[in-house]
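The values are calculated or read from the model by the stated rules, or taken from the named source; none is laboratory data. Given the structure is predicted, the values throughout are model-derived calculations rather than measurements. Here the Cβ positions follow ideal geometry from the backbone for every residue, glycine too, while neighbour counts run over all protein chains shown. For the accessible areas, the whole protein counts, side chains as well, though only heavy atoms, and no ligand, DNA or RNA atoms are used. Shrake-Rupley method; radii C 1.70, N 1.55, O 1.52, S 1.80 Å.
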Amino acid sequence: MDYIKEILRLKEERNAIIVAHLYQDGDIQDIADMVGDSFELSRYCATTDKDVIVFCGVHFMAESAKILSPGKTVLLPAIDAGCPMADMANVEDLRKLKAKYPEAATVCYVNTTAAIKAECDICCTSSIAEKVVRSVPNKQIIFLPDRNLGQYIAKQVPEKEFIFWAGFCPTHNALSIMHVKEAREAYPDAVLAVHPEAPPEVVDLADFVGSTKQIIDFCTQSDKQEYIIGTEEGILHQLKKKNPNKEFYMLKYRFICPNMKKTNLENLYEALRDMKHEITLDEETIKKASLSLERMLNVK
Ligand code: 13P
Ligand code: SF4
């Protein structure tokens, strides 16, 4: 079966677009209409005029697409592609925390379920988290679920008081100072770029900290030759495409998000063929969660 040919044919037939996160495998990124970080993909899905959005990523991303485009059919090819960090936040505990800090604004990372987004004032992605936190008038901020990202943003915005959640990304949180030491020794001329989901002690040692897209832009615009990359290895696909003459080394061996790797050409084809797996949400959740996502998209 020529999956690529069939996917392109079905895409036209269904009036669909395929979007892919930068952690997806290279063949998925290459067939997508749009490849980007969490923020870019949210913005893109909010504005598409196609009937169907096929989301090559993880569950919360497809949910966000559905919240922002409720009239469209949103499909997730790998229905079991979740995000362990998103599953670390629950509504009951969030309500208790909100009751304890009634003056605080609740800022949730986009890596959350729709139910959590519906409980929060505003959403953020790593690329826009600092701006989002600055945009709310409250001095106190309940930031969830990523403690590492929260701590990084808290350092940029010291005038606010943060209440952190104990969530983390298992893929990024596995980084340690030892990885930095070893990589710096092996590649003494390389620039270290890491994602803010990494632990603070690793982020503190980085030369650049940013979202996946920001890391790609940084490496592409810099005139340095060598880079150590501290995020999921799917990012190498675009880094190498845009910078064929530069060298990229991974900060950690097998730096993989297993859930991001669940999408493949076969399940992407099946998603379009059978119109599965459709993301559905109740109207009330969409209404409430869309407020926090739209507020994020409107932050200047
Ligand atoms: P960004 O693409 O926004 O950097 O997010 C990384 C990530 O972990 C998505 O789950
Ligand atoms: Fe979730 Fe981490 Fe995978 Fe992103 S990389 S989807 S935060 S587990």
In whole percent, the fraction of accessible protein surface over segment 1-65 that belongs to carbon or sulfur atoms, probe radius 1.4 Å, stands at 45
Sorted list, accessible surface of protein heavy atoms, 1.4 Å probe, largest first, for Thr48, Thr112 is Thr48, Thr112
Using a probe of 1.4 angstrom, how much of the accessible area of segment 131-241 is carbon and sulfur, in percent? 52
Computed about the Cα centre, the charge dipole of segment 22-120 from +1 Lys/Arg and -1 Asp/Glu charges at the Cβ has a magnitude in debye, to the nearest 20, of 560
Solvent-accessible area per residue for the chain at a 1.4 Å probe radius, Å²? 43
Mind checking segment 192-254 for chymotrypsin sites (Phe, Trp or Tyr not before Pro) that DSSP puts in a loop (not H, G, I, E or B) and that have at most 10 other Cβ atoms within 10 Å? Tyr253
How large is the Rg to Rh ratio of the chain when both quantities use alpha carbon positions and Rh follows Kirkwood? 0.97
Per-peptide average of other Cβ atoms within 10 Å, ordering 53-62, 13-22 highest first: 53-62, 13-22
Using each residue's phi in segment 158-163, evaluate 6.51 cos²θ - 1.76 cosθ + 1.60 at θ = phi - 60° and report the 3J(HN,Hα) Karplus result to the nearest Hz, with x for Gly and Pro. x, 6, 9, 9, 9, 10
Please express the shape of segment 1-154 as an equivalent ellipsoid: the semi-axes are the square roots of 5 times the eigenvalues of the C-alpha gyration tensor, given largest first in whole angstrom. 33, 14, 14
The alpha-carbon center of segment 92-110 and that of segment 252-268 are separated, in whole Å, by 32
Based on Cβ point charges of +1 for Lys and Arg and -1 for Asp and Glu, what charge dipole magnitude is obtained for the chain about its Cα centre, in debye rounded to the nearest 20? 580
Nearest 0.05, what FRET efficiency do Lys139 and Glu13 give at R0 = 51 Å with Cβ-Cβ as r? 0.45
Taking placed amide H atoms and a strict 5 Å upper bound, the residues 5 or more places from Met250 or on another chain that come that close are Ile229
How much length is gained if the chain between Gln151 and Lys131 is pulled fully straight, taking 0.36 nm per residue apart and subtracting their Cα-Cα distance, in nm to one decimal? 5.7 nm
Which of the GluC sites (Glu not before Pro) found in segment 86-195 are in a DSSP loop and have at most 14 neighbouring Cβ atoms, other than their own, within 10 Å? Glu103, Glu159
For Asp2 and Glu226, extending 7 Å from Cα along the Cα-Cβ vector and measuring point to point gives, in nm, a value of 4.3
For segment 241-290, compute the orientation-averaged projected area of the C-alpha convex hull (one quarter of its surface), in nm². 7.0
Using a basic spin-label model with each label point 7 Å from the Cα along Cα→Cβ, how many nm lie between Asp207 and Glu185? 2.0
A chain fully extended from Thr280 to Tyr249 at 0.36 nm per residue, minus the present Cα-Cα distance, gains in nm 7.2 nm
Quickly estimate the mean residue ellipticity at 222 nm for the chain, helices only: each DSSP H run with n ≥ 4 gives -39500 (n - 2.57), and the total goes over all residues, rounded to 500. -12500 deg cm²/dmol
